[in-house]
Structure formats: C-alpha cells, structure tokens
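For reference, the structure is listed below as structure tokens.
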Amino acid sequence: MGSSDLSLTRASLAADEPGLEGLFAPLEQAARSGVLPDPAQTAQVAARVVEVARRPPSELYALLTPPLCGPHPHIVLQWLCDCGLLSALLPELDATVDFSQEVGRRHKDVWEHTKAVVMQAVPRPEVRWAAVLHDIGKVPTRRFVGGKVTFHGHAEEGAAMFRRGPARRIGFPPVVRERVEALILHHLRAGQYDGSWTDAAVRRFAREMGPLLRDLLDLSRADVTSKRPGQRRRCLRRISELAARIRELRERDARVPPLPSGLGDALMHALGLPPGRHIGELRGRLAALCDAGELAAGEDVAFYVEEVRR
C-alpha cells in the first residue's frame, strides 16, 4: 500500500466516522512534534479504545503507519500505551512494558529498548513495523538461569506470535506482512557476524536473506542501543563490515573470469604435460598477468596457449 492508498483509506475513514479521524489528530501531531498529547486528549481516546479496535484492519494500518514512520515514532508508541490502544491493538507489545531484560537495570527494559530501536530505524514501513515488534517473543521465552536472563528462541517465537496476532489485527499489505515476519524471525542474524566468517559463510548469509538483506541490515543497526559508546561502535562496525564484505564478494563474483574454461586441458595437450599442480600454477601466472594488465583478458584458449609457448 503506497502513500496515496493510505491517504484514500484515511479519507474514507473520516467520511464514515468523522469523529474518529479527528480523534487521531493528536497522534499525528505527536509524531511531528515529539511532544505527547495533553492528558485531556489522551483521556478522550482512552474512552473510545473499544470503538477504535473494532475498525477494519486495513484502516488501522492506514491510521498507525504514517505516524510510526514519522520523525518521533517513540513518542507515538508511548502515547498508544498511555491511552490504552497498545493493549487493545498490540497486546503482545504491551506485555513488554516494564518487562526487564536484566534485573535492576531500567535501560534494559524491553519496552524502552523497543522505543529506542524504532526511533533509530529507517522510516520504511517494513523496517519500522519490524522494529516495533521484533522483541515480542521475549516475554514467553524469558528464563532465569544461573543468575542470568535468557531469551532462547525469542526470534522464532516472535515471528509465530506476529502471525497469530498483529498480522490479523492490523491489515498489513501482503508484501509488508511477509517482510515484517521475516525480519522478526531473522533480526539476530546480522548481529552474529564476526570477522572469522569465511567468504563462503558470508555468501551463504547473503543468499539466504535474499531481498530481505537491505532491510535486515538496517534493522540490525537500529537494534544497537547500548549505552556504552565503545560497545555501540563495535556492534555498528561489525554490521558495516558485513555489508562491505557482501558488496565486495558480489562485485568479485560478477567479474568475467580473465581466463577461458578448458584452458588447463588445452595446456596439457599442447605442451604434453600430465595433470598436476603445475597446470594450476601456469593458470595462476596467466591470471596474475591479466590482473596486472600485462596480458589481455577474455581471449580464447589458443591465445593463452601461444603465450605459454613463448
């Protein structure tokens, strides 16, 4: 659904129920200004939460997506919580409010972390919605083990929860719904990268992520909310390094091989040589000359056989 579709849907909503569109004016204002609506406006919406929650899912998507893609989405989320809409529309997310990731550390609250991630996320609907919902799986998967908190499997559980709940209540366009679910499922993957990954591992990661890759890397950057500057820099640097390696490998793989296929067999036949490492070494020397610009690349087999004979 594009911006024009959203505008049309919201316009039809206003025509059907004039009071409801005006009811959401404070939400749009909060998204622009970064200032929470006053208590009277919040109370007015709170009194009509049930009415709002009964709106068609597509209209709820149209109402919520523009403010969530605005400059102050964390304020939007807080207001949705304050007026009761969060518990009505996204109870999975509401359950993260005051839900701690570490005992006694306020900034490790899942809700506060989520708002920080959403604020840092690029303003594309798929990424913002994935940021909103990426950690909902932490609530049912939290375990206390050896004095530490674990959330094993929370990405997988979060994706399943999304299918069961938000994907039904909010009328995501099909492409957006599929992308948000995949981003929730894979949101930890890029953060697991370190410099020990082989080129094959990097290629496999990029291949498995496919068209999701750009959004996933953007979500992973937004998910770095550490208060420690050094830790934050290291995490962001690793994600940037992963993105750079993917680009470099794609560029390398896209290059036309400098030497033709079948050259090894042709060299053995023309020079009367047996199979062995020496054939690979000959090809390596020819390839190095091509890379250095001292030998033309992309010629036929006979050209390189003649070069070796000289």
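Read-outs: derived from the displayed coordinates by stated rules, not from any lab. Note that this is a predicted model, so its numbers are computed, not measured. Backbone-built Cβ (ideal geometry, glycine too); neighbour counts: all protein chains shown.
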Consider the candidate values [x] 22.9; [y] 21.6; [z] 19.7; state which one is mean projected area of the Cα convex hull in nm² computed from the structure displayed.
[x]
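Sequence gap at least 6, Cα distance under 8 Å: using those rules, report the relative contact order of the chain to the nearest whole percent.
Numbers: 357 pairs, mean separation 38.8, N = 310.
Relative contact order of the chain: 13 percent.
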Label model pair MET268, VAL97: point-to-point distance (7 angstrom along the Cα→beta-carbon line) in nm is 7.3
Among ALA296, ALA254, ALA88, determine the one that fluctuates most according to a GNM of the chain built with springs between C-alpha atoms less than 10 Å apart.
ALA296
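Contact order normalised by length for the stretch 16-71, with contacts defined as Cα pairs under 8 Å and 6 or more residues apart; what percent is it? Please list the in-between numbers first.
Details: 22 pairs, mean separation 27.0, N = 56.
Relative CO of the stretch 16-71 lands at 48 percent.
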Which one, LEU236, GLY293, PRO211, is farthest towards the positive end of the dipole of the chain when Lys and Arg carry +1 and Asp and Glu -1 on their Cβ?
LEU236
For the pair ASP291 and ARG237, the simple spin-label estimate (label points 7 Å beyond Cα toward Cβ) gives in nm 2.7
So if R0 is 45 Å, what FRET efficiency would PHE144 and GLU251 give, r being the distance between their Cβ atoms, rounded to the nearest 0.05?
0.45
What are the aspartates and glutamates whose alpha-carbon lies under 19 Å from the alpha-carbon of LYS138, with same-chain residues fewer than 8 places away excluded?
GLU92, ASP94, ASP98, GLU102, ASP109, GLU112, GLU156, GLU157, GLU181, ASP223
With only helices counted (DSSP H, runs n ≥ 4, each -39500 (n - 2.57)), the per-residue ellipticity at 222 nm for the chain, to the nearest 500, works out to -19500 deg cm²/dmol
Which residue fluctuates most in the GNM of the chain (Cα springs below 10 Å): VAL132, VAL49, VAL76?
VAL49
